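Beneath this line is the structure, given in structure tokens, with notes to follow.
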Amino acid sequence: MNEINTPQLQNEEFRFCKVEKHKKKPFELNWQKQGYKFNDLTMLNHISLGGNAGIIAGFGNLRILDIDDKKLIEHFDKVLEGTFAVETANGNRHYYIISEYDKNHVLANKSGEFRAKNMMVLVPGCEVD
């Protein structure tokens with residue numbers, strides 16, 4: 001079950017996007033620019049019908065560090081201790097950070113990404129094929 005109502009994600013400034021069931025990509029046009037609040041009935045209805053949800057980086061200065069390298073996860077778990085982080089469906093990690101820094105980056109060796117704007121990650125609890 002998608003956990004869009006995780007307390008750390010219940011911020012009036014954050015925005016979410018609809019993603020098809022078992023998929024990882026948003027399907028609505030302009031999802032980067034608009035999005036839905038965590039308590040929007042359209043979004044909640046989409047989730048109740050089995051759809052996935054993504055949280056969009058940039059709104060409310062939300063940045064997401066998406067780490068795909070297990071050794072880096074161990075490092076960032078120590079460095080970012082106390083930061084809200086979730087394990088993804090494939091065992092990687094998303095760290096949710098508030099920052100004014102707004103540049104997207106792909107980390108060396110494709111070990112992850114820093115998602116600052118116009119990018120998203122699935123919320124905790126989404127299922128993918």
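The values are calculated or read from the model by the stated rules, or taken from the named source; none is laboratory data. Just so it is clear, the model here is predicted, and its values are computed rather than measured. Every residue, glycine as well, gets a Cβ built from its backbone with ideal geometry; the counts of neighbours run over all protein chains shown. Calculation scope for accessible area: heavy atoms of the full protein, side chains included, ligands and nucleic acids excluded. Shrake-Rupley method; radii C 1.70, N 1.55, O 1.52, S 1.80 Å.
Some points to look at:
- Condition check for residue 95: open to solvent by 90 Å² or more (accessible area, probe 1.4 Å), modelled with pLDDT of 95 or more and either in contact with a Leu (Cβ under 6 Å, 6 or more places away or on another chain) or more than 15 Å from residue 24 (Cβ to Cβ) (or both): no
- So residue 46, is it farther than 16 Å from residue 120 by Cα and either touching a strand residue (DSSP E or B) at 6+ places or on another chain (Cβ under 8 Å) or of a type in the set (Phe, Trp, Tyr) (or both): yes
- Residue selected from the range 98-110 under the condition at pLDDT below 95 and not hydrophobic (A, V, I, L, M, F, W, C), by the criterion least open to solvent (accessible area, probe 1.4 Å): 109
- Just one of the numbered conditions (1) over 11 Å from the mean Cα position of the chain (by Cα); (2) open to solvent by less than 20 Å² (accessible area, probe 1.4 Å); (3) of a type outside the set (A, V, I, L, M, F, W, C) is not true of residue 63: (1).
- Residue 117 passes every criterion in (1) at pLDDT below 95; (2) closer than 20 Å to residue 61 by Cα apart from (1).
- The single condition from (1) under 20 Å from residue 119 (Cβ atoms); (2) open to solvent by 30 Å² or more (accessible area, probe 1.4 Å); (3) at pLDDT 95 or above that residue 45 fails is (1).
- Flag for residue 78 being among the basic types (Lys, Arg), within 26 Å of residue 30 (Cα to Cα) and surrounded by fewer than 18 Cβ atoms within 10 Å (Cβ to Cβ): no
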